[in-house]
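Working notes, structure below.
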Amino acid sequence: MKAKWFLLSIFFTLSLILSGCDNSLLVFDPKGPQAKTLSDTIIFSIIMMAGILLVVYILFTFMLVKYRASKMDDSYEPPHEEGSKWLEITWTIIPIIIVIVLSVVTVRTTSEVESKPVAYANDKPLVIYASSSNWKWHFSYPEEGIETVNYVNIPEDRPVEFRLYSFGPITSFWIPQLAGQKYAMSDMVTKINLAAEIPGSYIGKNSNFNGKDFAHMEFETQVMTEKDYEKWVEEVKETAPALTESEFDELIEPSVLGRKTYSSTHLEFSPAPEGEHAGHHHGNSDEETDSSHHMDMDMEDHK
Amino acid sequence: MKWDEFFVTGEPMIYAAMVSIVLVSVAIVGSLTYFKKWGYLWRNWLTTVDHKKIGVMYIIAALLMLFRGGVDALLMRAQTAVPENGLLDGQHYNEIFTTHGIIMILFMAMPFIIGLMNVVIPLQIGARDVAFPRLNAVSFWLFFFGAMLLNLSFVIGGSPDAGWSAYFPLASTEFSPTVGNNYYSLSLQIAGIGTLMTGINFLVTILKMRAPGMTLMKMPMFTWSILITSVIIIFAFPVLTVALALMMLDRQFGTQFFAMQNGGMDMLWANLFWVWGHPEVYIVILPAFGIYSEIISTFARKNLYGYKSMVVSMVAISLLSFLVWVHHFYTMGHGVMVNSVFSITTMAIAVPTGVKIFNWLFTLRKGKISFTSPMLYALAFIPIFTIGGVTGVMLAMASADYQYHNTMFLVAHFHYVLIPGTVFAVIAGYHYWFPKVFGFRLNEKLAKWAFWFIAISFNVTFFPLFILGLNGMTRRMYTYSASTGYGPLNMLSMVGAVGLTIGFLLLVYNIYWSTRYAKRDTTGDPWDGRSLEWSTPSPVPEYNFAKTPVVTKLDAFWFSKKENTSLTEGEYEPIHMPNNNGQPFIMGVAFFFFGFFMVFSWWIPAIIAGLVVLGAMAYRTFEKDHGHHIPVDEIERTEKALRGEQS
């Protein structure tokens, strides 16, 4: 029986996914508050949807089993039915209620993951510019004055603000276990707020197709204790070479690279497209011109 | 330009493709000449304005494109079946998933649906052709040559490689220097103009040419779905036309609409593309809903439950379809406010869609369900599509989408919507209306074997992708390392893809088998149908209805059978029919060459081909062609021959 087969497979897979919370699937294995919020939201929606599927599958199986021609009398002639006002209203209203519930959850969680993690509201965030070029990621720490390629180290239990932009095609910056993704574009700066609570190494990637070696555009996110992080920054400052403009120009040429570390950032000679450097100046220059400001305004509205 | 830049070189698979293209062309030309069929081909097909033949040509082209897109899909699954596979390199994989997307949506799903609506709509509303038969032929040839142009890119010049959504700046000449994306902008443009004209044609046909007595609320549900689809086409396709024109200007004439500097906006392309692209998915799904409504009601032997709410929900879906495009890029970084609004509009679509699902379920209630091959697809649609639907709601939640965006979860979702939605529907419709066009049914046993292969393999292929997506596997990756753990589920998906292939091969083999051995249907009504198309003899004569039927209620033909009344009255009268003409075909050829020369920026030949196009239009403007009349005695003779012992 087809429907039963589906039902079983759905049930089986759902239990597989849900049991994955403590071991496997990346999205259900969060290591920080933002990813945790998203994981909870997703599990909540899966449970809601499983309920809907169950109703449809039960009705479907019932109809198929009960009203098959082979079980019917030859003389049976189905009745003419225009419909039923009350039934039709019922299956309009119930989905509307479900959509309202999901909408409330969506608005609340979207606003939550777009802002600084609640638990760290009073901490000063570590700002890291993450810019992409084909097919690598550049991480600039403006306050520390250091820059890395294809890996990023962050301290645990401290809010981190990634500011994203691109030196080429649109990319999408994603560390599944720490936060949801966001686009990096060439003409504006977007932001991701996150915090990591468990030291370890997490995969980060570009999820938006950007040409030939897209599949290799991954980086490692190393979450360290505050002490180890400070030590690493000091070490870089002492041992790594400075990043020159000509070396940076070479870096952003299309290629697949390993890791690199520098004791200065490209922001000094090639600033991010924000503020006066943004790609779009609509009308006079006093206007807000970059999207991160727009975003801040939106967030103010929701506080 | 050197020859080795012109032809795609250095790839054994492409050389094989070139050889096979040449061989097939030689075989076709040779056999046409040998069997002296050139005249037949020209008179009966290339110049036809008959909606049924145009419909058949659309469906043949769609099946060919299904084959091409399917091979692309198989290659993709084979490449990713094991980690670090070397079957394809990055560039080829990128070209293949790009053409897979373009072909499956624009050159398979769309023409299959347009083919079915061409065959069925005039018959369902009791008309003798569409409102503008000549324009209909132009639509077909523009689609056909647009599709051929895109397919040519495979061997000449290189395929587009920036994804079917061709996001800028990736699709700009800076990052996609081959002519691949020129093919994209020009072939879609040519085919798109054809589609736009189809939309206009069917809107007018349905509004103006219904049989006497068939008010809007007495139209069959498939006709309703096409009416609404036509309106969506008319509003959505001009956006694509503009977007593609800007793309062409950017790539070939040095403008900077979507450029990274000088005030260009890359996301402007994404917005324009999805302002068209989201309504586009409803263009391919609403007709599917119409087909299922017909089939479920026919094989449950019951009228459609909640007809009015079915119509209202389709109208609601069509309006909402224009208000949700931003959900394709929640991750662009607009604020909470924008994302929330579009989340809610997107989820709202689930409400009318849910209403439809329940109405179908309640059409089955108290019915007498027979499990014919079209009905099997329609029934399988309900549970499988619902998975696609609920995952769609999950994706609609902006916050959660930050974790699904661009992953295999998304890929699984839209295949769960498009395959049981559109593909199952067109296959079901193809089995259902096949006897109407050809006068015999496809073999049920083979059809059911194909169905089970397709329905089960579909789930084996695509369900694992949901899990891969939640495990962080992004779409469009040509390779991955073994340490990611993505290997086993991708292998499972490959197994499913092989099963799907077997299913589709059975489907095609069934055409051959049934053509040779199937019993001819003499009734014209093999399924005990409900709407007007089943009142005509099969195959349907050129003029469709010898006498125009008069309709008094929904499912008029069903009630005329029940109550033993006649749908027609009066005597035969001479029938006015349009003449065949070669101008649409010639214009299509000229458009093809225009597009081809434009792709390579060969301006002089392009201008000449463009002038031929304009000349063909001018010819039509001044042409005096008032069609012809079929005399009464010829109608009588044809009807007698077709109805045979019946009359």
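Computed from the coordinates by the stated procedures, all read-outs in this text should not be read as laboratory data. Because the structure is a prediction, the values reported are computed rather than measured. Here the Cβ positions follow ideal geometry from the backbone for every residue, glycine too, while neighbour counts run over all protein chains shown.
At a glance:
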read-out	value
Kyte-Doolittle mean at least -1.0 and Cα axial length at least 30 Å: DSSP H helices in chain B	B:12-34, B:51-80, B:180-208, B:221-252, B:266-299, B:373-396, B:444-470, B:487-517
Electrostatic dipole magnitude of chain B [Cβ: Lys, Arg +1; Asp, Glu -1; Cα centre; debye, to 20]	1680
DSSP loop chymotrypsin sites (Phe, Trp or Tyr not before Pro) with at most 11 other Cβ within 10 Å excluded, longest remaining stretch of chain B	B:254-647
Peptide B:391-398 - average C-beta neighbours from other chains (10 Å radius)	6
Per-residue average of Cβ from other chains inside 10 Å of A:49-57	4
Two-site label geometry, B:I608 and B:K208: point separation in nm, points 7 Å out along Cα→Cβ	3.9
Cβ-derived FRET efficiency at R0 45 Å, B:I28 paired with A:S255, nearest 0.05	0.45
Estimated FRET transfer efficiency (A:K124, A:T244; beta-carbon r; R0 30 Å; 0.05)	0.50
Label point distance in nm, B:K562-B:D625, each placed 7 Å from Cα along Cα→Cβ	4.4
Residue-count net charge about B:E571 - beta-carbon cut-off 11 Å; Lys, Arg +1, Asp, Glu -1	-2
Lys, Arg +1 and Asp, Glu -1 on Cβ, resulting dipole of the range A:122-270 about Cα centre, debye, nearest 20	520
Within the protein assembly as shown, percent of DSSP bridges classed antiparallel, to nearest 5	75
Percent breakdown of C-alpha pair distances by 10 Å bin, ordered from the shortest bin, for the protein assembly as shown	2, 11, 20, 24, 20, 13, 7, 3, 1, 0, 0
Cα convex hull of the range B:287-389 - mean projected area over all directions, nm²	7.0
Gyration tensor (alpha-carbon) shape descriptor, the range B:482-624, a/c threshold 1.5	oblate
Efficiency of FRET from Cβ geometry, A:I96 and A:D157, R₀ 51 Å, rounded to 0.05	0.75
Antiparallel DSSP beta bridges within the range A:122-270, as percent of all bridges there, nearest 5	70
Ranked A:I175, B:I206, A:I94, criterion: other C-beta atoms within 10 Å, fewest first	A:I94, B:I206, A:I175
Nitroxide proxy distance, nm - points 7 Å out along Cα→Cβ at A:E276 and B:Y15	6.0
Filter on A:K124/A:K182; A:K85/B:K53; A:K182/B:K356; B:K366/B:K547; A:K85/B:K561; B:K366/B:K448 - keep pairs with C-alpha separation over 32 Å	A:K85/B:K53; A:K182/B:K356; B:K366/B:K547
Positive minus negative residues near A:I203 (Lys, Arg vs Asp, Glu; Cβ under 13 Å)	-1
Rh by Kirkwood over Cα pairs, then Stokes-Einstein D for the range A:125-284 at 1.306 mPa s and 10 °C, µm²/s	101
Among A:237-246, B:309-318, the order from most to least packed when residues are scored by Cβ within 10 Å on average	B:309-318, A:237-246
Alpha carbon centroid spacing (whole Å) that separates the range B:1-50 from the range B:388-462	32
Value of [θ]222 nm, deg cm²/dmol, for chain B, DSSP H segments ≥ 4, -39500 (n - 2.57) each, nearest 500	-22000 deg cm²/dmol
Antiparallel DSSP beta bridges within the range A:123-173, percent to nearest 5	55
Net charge, A:E234 excluded, C-beta distance under 12 Å - Lys, Arg +1, Asp, Glu -1	-2
Inter-centroid distance (Cα atoms) of the range B:150-187 relative to the range B:292-343, Å	32
Long-range HN-HN contacts of A:V189 with modeled amide H, under 5 Å	A:S291, A:S292
